[in-house]
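Q: Take this structure first; my questions come after.
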Amino acid sequence: MIYPKMTESRMRLSLDGIWDFSLLSDEESQNLQAGKHIENALSMPVPSAYNDLYETRAFRDHMGDMVYQRTVHLTKQMLQERTMLYFESVTHRAAVYWNGTLLGTHKGGFLPFEFELNGTAVPGENLLTVVVNNVLDETTLPCGRIETREYPNLPPRTVNLPNFDYFNYSGILRPVCIYTTPKKHIRDITVSGHADKSFAWDIACDETSDVCIAVRDGEGNTVFKGTGRTGTAVLNGAKLWSPEHPHLYTLEVHAGDDVYSQTFGFRDIEIRGCRILLNGEPVYLKGFGKHEDAPVSGRGYNPAYYVKDIALMKWIGANSLRTSHYPYSETFLDLCDREGILVIDEAPAVGLHTGFTAVGLLGGTPNGTWKKLKTAEHHSEVLRDMVSRDKNHPCVIAWSVANEPASEEEGAREYFEPLMNQVRRQDPQHRPVTIVTYEGSSPKACKVAELCDFLVLNRYRGWYDTEGDLEAAGELLRTELEAFHRRCPDAPIMLGEYGADAIAGMHNTTPSLFSEEYQAQMLEKYGEIMDSLPFAAGEHAWNFADFATAENIKRVQGNKKGVFTRDRQPKLAAYVLRRRWKEKK
Ligand code: GCB
């Protein structure tokens, strides 16, 4: 699958706009007639999360199905071509109907899928109905739990609890479009450029199609021409891609009647002697774990926020981020290519722990996670789809297979080893692969460290323990990082998360928890420790901005560990990081 766009042989019709929408009870869902117009529909923007668009707790926290619907007008000419319906993401499950006929279903809320319309669609008016389901359990990624609670005088209440610390925004979160291709079409393009100026291409298309390729530089000049479905060549004058100079090239492919162009960069990423090397030079990762999260649209597609966030990352001196805790939109990754941001691309695999959650509501006791969860097959599917979608991006420098799983429990190694190997086999650029681990997975207990090409550790010393005592927090952190270094002396070690909640505007002369001063001091302390460890390879503060979470007593209207507020204004910590990161090489 390649990203749908206009070319001289392809057409793209956006279906974004205001759709009809309704939440469905189980009974309404059973009786839904997908070929009929829904009654009493609400207006709903696509793309967007649905949750914050109308009031009431029942609306926002609905658990189950919801329906989106719109009419689509097609021309005769469009249907003479191969005509596809493409969803960039529907969270978390979709059943898609065209004129009442089920085109297919999809599970997984953060990656694209598509269906062919030929044979079902007609010229003129058509009815598109999408039934979305947002329930998370021990078979989905991310993982959730379903609980039924009994109260006096009330019918039992069933709730869906996330095993993770962000609000379960759902709906049609990213753009939807129809696109056409010639019947014989380009199915996939793989292109990798290297620091030695060599590059390789591989075009999946009909065997009978003649393939010609051309490479264009950033100014649009054709700098190479070749033929064949696969090939390698050297482009002597190629300029390398890096954060300082994110030079991009375009591979233009003609395969039979189909034409498509794919951007790529010349760059190498490798690990040597516990350093991450970009184009042969050590690079220290400075940046954040982020979320796709904004007021009103929630986790919905939001290009203005994408641009603003990257601009703020540059302002603060960051060079990298992790797409915690799911693959971000394709537009965001294109922007990172263009702006030179290094990305650790994370699968939507969070909450794989039946005894621990980030907000501590599960008690923290190892609990037989790997016997209980039934996620292995789906995990393999989302990894396959993530690598396949993102493999050509020069900005993607590494893959994260999961965030904070029960990596200290028996069975973790057996669960993860095949998944790590799958990613390594599939990635044409052989990027480093990791699993991001938490405090419970100590240097003694962790069962997956040796599976990782580099270690990404989430640590909250000074917050979830040793709170208020930054000296003790610092020494605990140092001791633990040193122990991991002794265990894996050749693996670069970085912090994947560290931070403290700070309520913007709350100040103390003697810094205490939740004040802007305490957050700033804590980040400063962690910086001091990282500077003293020669094997430290990077630091990603948690989080770039305040974000929405489920309600619980450990969250003050969401997670407030943002260095920026949810509307992207700086807290004191932003200036502390800025001073440090502008200097730090
Ligand atoms: C973590 C999680 C992240 C949480 C964070 C926190 O370890 O990976 O999703 O939001 O801690 O703030 O507790």
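Q: What are the chymotrypsin sites (Phe, Trp or Tyr not before Pro) within segment 23-81 that DSSP puts in a loop, where the Cβ has at most 14 other Cβ atoms within 10 Å?
A: Hits after loop and neighbour filter: TYR54.
Q: How many Å² of accessible area per residue for the chain, probe 1.4 Å?
A: Heavy-atom accessible area per residue stands at 40 Å².
Q: Given the pairs LYS197/LYS286; LYS308/LYS571; LYS314/LYS560, which are separated by over 19 angstrom at their Cα positions?
A: In this structure, LYS197/LYS286; LYS314/LYS560 exceed 19 Å between Cα atoms.
Q: I'd like to know which of GLY228, PHE454, GLN80 lies farthest towards the positive end of the charge dipole of the chain, counting +1 on Cβ of Lys and Arg and -1 on Cβ of Asp and Glu.
A: GLY228
Q: Hey, if you put +1 on the Cβ of every Lys and Arg and -1 on every Asp and Glu Cβ in the chain, which of SER400, MET44, CYS143 ends up farthest toward the positive end of that dipole?
A: Comparing the listed Cα positions along the dipole, SER400 ranks first.
Q: Something else: Under a crude label model (7 Å from the Cα following the beta-carbon direction), how far is MET63 from LYS225 in nanometres?
A: 6.3 nm
Q: Using just the helices of the chain, give the 222 nm mean residue ellipticity in deg cm²/dmol: DSSP H runs with n ≥ 4 each add -39,500 (n - 2.57), and the total is spread over all residues, rounded to 500.
A: Calculated at 222 nm, the ellipticity per residue is -6000 deg cm²/dmol.
Q: Here's something else I'd like to know. To the nearest 20 debye, what charge dipole does segment 483-553 have about its Cα centre, counting +1 at the Cβ of each Lys and Arg and -1 at the Cβ of each Asp and Glu?
A: 320 debye
Q: Rounded to two decimal places and with Rh computed the Kirkwood way over Cα pairs, what is Rg over Rh for the chain?
A: Answer for the chain: 0.97.
Q: Does anything in segment 7-42 have its amide N under 19 Å from the 7 Å Cα→Cβ label point of GLU55, and if so which residues?
A: Output list for this probe position: 23, 42.
Q: Per-residue counts of other Cβ atoms within 10 Å, averaged by peptide: what ranking do you get for 578-584, 447-453, highest first?
A: For the peptides 578-584, 447-453, the packing ranking is 447-453, 578-584.
Q: So, with a 1.4 angstrom probe, what is the percent of accessible area on segment 137-194 that is carbon and sulfur?
A: 53 percent
Q: How big is the convex hull of the Cα atoms of segment 264-309, per residue, in Å³?
A: 123 Å³
Q: Can you pull the percent of Cα pairs in segment 475-529 with separation above 18 Å?
A: For segment 475-529, the share of Cα pairs beyond 18 Å comes to 44 percent.
Q: Would you work out the relative contact order for segment 163-271, in percent, from Cα pairs under 8 angstrom that are 6 or more residues apart?
A: 29 percent
Q: Something else about it: Could you check what % of the DSSP bridge pairs in segment 263-326 are antiparallel, to the nearest 5?
A: Given both bridge residues lie in segment 263-326, the antiparallel proportion sits at roughly 70 percent.
Q: So which GluC sites (Glu not before Pro) in segment 139-218 are both in a DSSP loop and have at most 12 other Cβ atoms within 10 Å of their Cβ?
A: GLU150, GLU207
Q: Translational diffusion coefficient, Stokes-Einstein: compute it for segment 505-569 using the Kirkwood radius over C-alpha pairs as Rh, at 10 °C and 1.306 mPa s, and state it as an integer in µm² s⁻¹.
A: Stokes-Einstein gives a translational diffusion coefficient of 120 µm²/s.
Q: State, to one decimal in nm, how far the label point of ASP465 lies from the label point of GLU339, with both points 7 Å from Cα in the Cβ direction.
A: 3.7 nm
Q: Could you order peptides 196-206, 83-93 by the average number of other Cβ atoms within 10 Å of their residues, highest first?
A: 83-93, 196-206
Q: Report the percentage of all Cα-Cα pairs in segment 100-141 whose separation exceeds 15 Å, rounded to a whole percent.
A: The proportion of pairs with Cα distances above 15 Å equals 54 percent.
Q: When only the heavy atoms of the protein chains count and the probe is 1.4 Å, how do GLU516, GLU339 rank by accessible area, highest first?
A: GLU339, GLU516
Q: While we're here: Quick one: work out the % antiparallel among DSSP beta bridges in the chain, nearest 5.
A: 75 percent
Q: Keeping every protein chain in place, order LEU419, LEU572 by accessible area at 1.4 Å, biggest value first, i.e. largest first.
A: In descending accessible area the options line up as LEU572, LEU419.
Q: Based on Cβ point charges of +1 for Lys and Arg and -1 for Asp and Glu, what charge dipole magnitude is obtained for the chain about its Cα centre, in debye rounded to the nearest 20?
A: Result for the chain is approximately 680 debye, rounded to the nearest 20.
Q: Put one equal scatterer on each alpha carbon of segment 63-115, apply the Debye formula with no solvent term, and list log10 I(q)/I(0) at q = 0.14, 0.22, 0.31 1/Å to two decimals.
A: So the normalised log intensities work out to -0.43, -0.96, -1.37.
Q: Still on this structure, I have one more. Over the alpha-carbon set of segment 239-344, divide Rg by the Kirkwood Rh and report the Rg/Rh ratio to two decimals.
A: Answer for segment 239-344: 1.02.
Q: Contact order normalised by length for segment 240-308, with contacts defined as Cα pairs under 8 Å and 6 or more residues apart; what percent is it?
A: It rounds to 18 percent for segment 240-308.
Q: Right, here's the next one. Compute the Cα gyration tensor for segment 450-552, then decide on rounded, prolate or oblate, letting a ≥ b ≥ c be the square roots of its eigenvalues: rounded whenever a/c is under 1.5, prolate when a/b is larger than b/c in the other cases, and oblate in all that remain.
A: prolate
Q: Where the only charges are on Cβ atoms (+1 Lys, Arg; -1 Asp, Glu), what is the dipole of segment 378-481 about its Cα centre, to the nearest 20 debye?
A: Dipole of segment 378-481, to the nearest 20 debye: 620 debye.
Q: Set Lys and Arg Cβ to +1 and Asp and Glu Cβ to -1, take the dipole of the chain about its Cα centre, and tell me which of ASN319, ALA376, GLY17 lies farthest positive.
A: ASN319
Q: Right, here's the next one. As an exercise, use a Förster radius of 25 Å and the Cβ-Cβ distance of GLN557 and ASP137 to find the FRET efficiency, rounded to the nearest 0.05.
A: The pair GLN557/ASP137 has a calculated efficiency of 0.40.
Q: Provide the convex hull volume over Cα atoms per residue for segment 338-467, in Å³.
A: Each residue corresponds to 117 Å³ of Cα convex hull volume.
Q: If you split all Cα-Cα distances of segment 4-68 into 10 Å bins from zero, what percentages do you get per bin, shortest first?
A: 18, 41, 25, 13, 3
The values are calculated or read from the model by the stated rules, or taken from the named source; none is laboratory data. Quantities reported herein were computed from a predicted structural model and do not represent experimental measurements. Neighbour counts run over all protein chains shown; Cβ positions are idealised from the backbone, glycine included. To get the accessible areas, we keep the full protein, side chains included, count just its heavy atoms, and leave off ligands, DNA and RNA. Shrake-Rupley method; radii C 1.70, N 1.55, O 1.52, S 1.80 Å.
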